[in-house]
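As structure tokens, the structure follows; a few thoughts come after it.
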Amino acid sequence: MYKSSLKYILLLMFFSANPYFCSYAGTSETLPKFPTIELLLEQISHAKNRTVTARSEDIKSQIVAEWSRLLSELPSTQEHASFLSSHGLTFTFSAKESSLASFAPWEPSIIKINGKILGEAIEALKSESVSSQKIAHIVAVKTLPLIAHEIRHAMTQDRLKTHGIGSCMFLENEMISHTDEVGVIADMKKHKPILWQSYSIPHIEDHYIKLEQAWNQPGPEKFLDFVFLRYGNKDISVFSTSDELTQYFNPKITERRNARQRLNNMLSEPDPELAKQIRDLILKEDKVLSLFQDAFNIVSDSTRWADLKSSYTSEIQRVIAQSWKWYR
Ligand SMILES: [Zn+2]
């Protein structure tokens, strides 16, 4: 139900921000799963068993260096480059992520990279006898829009804090990041046209094509549909009604509190290593709980909620206007 009212509001934003609204539309990508105890214990056991070859690690380090270099080089990612260095964001590799890159609001200085997807891309290029230095460059170019998307999540979160709003998790975060991402795709196509067309990373390429197809449809509906399809059932819009927000946040807060209690009950674990892991999980659970609680407190206060909506409206409009520039 909230989707129809949100769409109406977002349509207005697109029309007011985009001088070319007749010929273009907008886009979107993924918040990681919330860290349930089961998921985190699974991650711990996976990390213990993980083995990565030194050679593969070398190329991954080169890719990270290439991302930083390209962010500074590309006109559309100047904001990202300065945020990356001024806020000390770091990239970490994990094989458990569902998408190539992800950002979690409870770990705002980390961008997690799916080492498996990246490893497959590296191996595919190796089989074509591409040199390792060139592999790093190609993979960095082809993945940069997704990296920009995740950095934008960190920037959105930081921007809300500077407005005294605190950390929030809403569907609009994806609107902003996907709009940003599609602009970086267009800019990269202009910046590295031959390389962009000559190589593709299958899973990622498919995402870019769908994103741009949605963006290039007349009117923003296709773009908004794209975002809703991926996140609409998982995240909630800040433009939802008060009742809808309560119905969304209350069970989540209860669920996190229960998870915290279950972890408390596990603290008597005698194994020191496992006990430490449980304490780490408690710290993480506390962060997630406070994020939900913060968001709920804000939308329960009419003045703060109005500020939050206004902040999202202006940022969505700003990012949309920015992304159109690369399609001219
Ligand atoms: Zn995202």
Distance violations [Cα-Cα > 32 Å] among LYS112/LYS222; LYS60/LYS190; LYS189/LYS287; LYS126/LYS284; LYS190/LYS284 = LYS189/LYS287; LYS126/LYS284; LYS190/LYS284
Set of aspartates and glutamates near LYS116 by C-alpha distance (under 14 Å), chain-local residues within fewer than 8 positions excluded | GLU57, GLU97
Could you please rank GLU212, GLU123, placing first whichever residue has the fewest other Cβ atoms within 10 Å of its Cβ?
-> GLU123, GLU212
Would you mind calculating the gained length between SER132 and THR92 on full extension (0.36 nm times residue separation, minus the Cα-Cα distance), in nm to one decimal?
-> 12.4 nm
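Share of Cα-Cα pairs in segment 68-135 beyond 15 Å, in percent?
64 percent
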Per 10 angstrom bin, beginning at 0 and ending with the bin that holds the maximum distance, the Cα pairs of segment 195-324 fall in percents of 10, 25, 25, 23, 14, 3, 0
Rounded to the nearest 5, what is the percent of antiparallel bridges among the DSSP beta bridges in segment 60-184?
-> 40 percent
At 1.306 mPa s and 10 °C, Stokes D of segment 261-328 from Kirkwood alpha-carbon radius, µm² per second | 102 µm²/s
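Which of the peptides 268-274, 247-253 is most tightly packed, and how do the rest follow, judged by the mean count of other Cβ atoms within 10 Å per residue? Please list the in-between numbers first.
Values: 268-274: 9.7, 247-253: 15.3.
Result, highest mean Cβ count within 10 Å first: 247-253, 268-274.
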Amide H of ILE111: which non-local residues (sequence gap of 5 or more, or other chain) have their own amide H closer than 5 Å, using H built in the peptide plane?
-> THR90, PHE91, THR92
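Just so you know, all these numbers are worked out from the coordinates, no wet-lab data involved. The structure presented is a predicted model; accordingly, all values stated were derived computationally and were not measured. So basically every Cβ, Gly included, is an ideal-geometry build from the backbone, and we count neighbours across all protein chains shown.
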